[in-house]
Amino acid sequence: MKHQIELTTKQKGILLMLLSALLFAAMQVVIHITGQKVPLMEQVFFRNVVSLILCFVIIKKNGLSMFGERKYQPLLFMRSIFGLLGLVSLFYSSSHASQADVTILSKLSPFLITLFAFLFLKEKIAKVQVPALLIAFAGALLVANPSFHSNLFPLFIAFLCAIFSSVSYTLLAYFKEKVDAITVIMHFSAFCVTASLPFFIMTMTLPSLRDFLLLLLIGIFGGFGQIALTYAYRMAPASEVSIYNYSGILFSMILGYAVLGETVPLSSLLGGTLVIAASLLTYRYSSPPAE
């Protein structure tokens, strides 16, 4: 007789965060491939138009709210604005600074999410979370091996990316049981498509068939990654689940080796080990949320 394994909500949240990190890492690889040929806002447009269509179909099929209740509109717009700013700042800094420098600065977000969740969502911070975050950040530092020789402005934009993303992800956790997850994503995707469309038209370059398919991949990876991320913050406290976002560094390292032929130095392996250790430490010693 087969025994069915039941996952707790926390375990589901962790798995969704890991899936999200994998999909976003795959998206970043495709962005790297198309970055020299496709304008930034064209990438941003395709990143969101796929999820916009997907969410529209799901909402129509299930009779959900298209953009949410009026009372939540101010915070929904705030989430969408900060999400777009985080997206644009990540794309810009990735195109104008060393990838290692951008990675390490953008990975400050789990610290800020833990702080914002404590201040605004009244989430408790487990004793293990701060040292685990420090261990994970040390691992990220080893993997990225940043030189900080890039120009100061794109590095500043990468730091802003961490702040924008942290506000956006904290609001994702706030909307739990208030606004349907697909509605939140629909609001964000519609906002990003509308905001990027004028710039897309002005700077548009006709992509080759190969680049067009790659742009669709950006949208597919980004769209499903956003869905997984949104549901992850509904399954577990933001302060606990955000640390698993560091797994994206490991996925980026593996995909960079497999797809782009990038080498994996010993420091990256050591850093990856620290990231895994910090994640396991958090999982083992953080207090489980209510089922």
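The values are calculated or read from the model by the stated rules, or taken from the named source; none is laboratory data. Because the structure is predicted, anything quoted here is derived from the model rather than measured. In this analysis, Cβ positions are derived from the backbone assuming ideal geometry, glycine residues included, and neighbour counts consider all displayed protein chains.
Descriptive notes on the structure:
- Only one of the numbered conditions (1) in a loop (DSSP other than H, G, I, E, B); (2) farther than 17 Å from Gln226 by Cβ is not met by Gly68, and that is (2).
- Residue check for Lys61: more than 30 Å from Leu209 (Cβ to Cβ), surrounded by fewer than 21 Cβ atoms within 10 Å (Cβ to Cβ) and modelled with pLDDT of 90 or more: yes
- Some residue of the stretch 237-257 being more than 19 Å from the chain's Cα centre (by Cα) and either of a type in the set (D, E, K, R) or at pLDDT below 85 (or both): yes
- When each of Ile135, Ile163, Ile157, Ile125 is tested for being touching a Leu at 6+ places or on another chain (Cβ under 9 Å) and at pLDDT below 75, the lone residue that passes is Ile125.
Conditions (1) surrounded by 21 or more Cβ atoms within 10 Å (Cβ to Cβ); (2) closer than 20 Å to Leu52 by Cα; (3) of a type in the set (A, V, I, L, M, F, W, C), marked per residue:
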position: Gln129; (1), (2), (3): yes, no, no
position: Tyr169; (1), (2), (3): yes, yes, no
position: Val184; (1), (2), (3): yes, yes, yes
position: Phe200; (1), (2), (3): no, yes, yes
position: Leu206; (1), (2), (3): no, no, yes
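- Subset of the stretch 53-98 (residues that are among the polar types (S, T, N, Q), under 13 Å from Phe191 (Cα atoms) and touching a residue at least 12 places away in the same chain (Cβ under 8 Å)): Ser80
- Of the numbered criteria (1) in contact (Cβ under 8 Å) with a residue 60 or more places away in the chain; (2) touching a Gly at 6+ places or on another chain (Cβ under 9 Å), the one Met204 fails is (2).
- Candidate set: the stretch 171-182, residues that are outside any helix (DSSP H, G or I) and out of contact with any Leu (no Cβ under 6 Å at 6 or more places or on another chain); chosen: the one surrounded by the fewest Cβ atoms within 10 Å (Cβ to Cβ): Glu177
- Qualifying residue in the stretch 27-47 (condition: hydrophobic (A, V, I, L, M, F, W, C), closer than 27 Å to Ser239 by Cα and in a helix (DSSP H, G or I)): yes
- Filter result for the condition that a residue is out of contact with any Lys or Arg (no Cβ under 8 Å at 6 or more places or on another chain), on the phi < 0 side of the Ramachandran plot and in a helix (DSSP H, G or I), over Phe137, Phe153, Phe188: Phe153
- Of all the numbered requirements in (1) surrounded by 20 or more Cβ atoms within 10 Å (Cβ to Cβ); (2) within 23 Å of Val167 (Cβ to Cβ); (3) not β-branched (Val, Ile, Thr), Lys10 misses one, and that requirement is (2).
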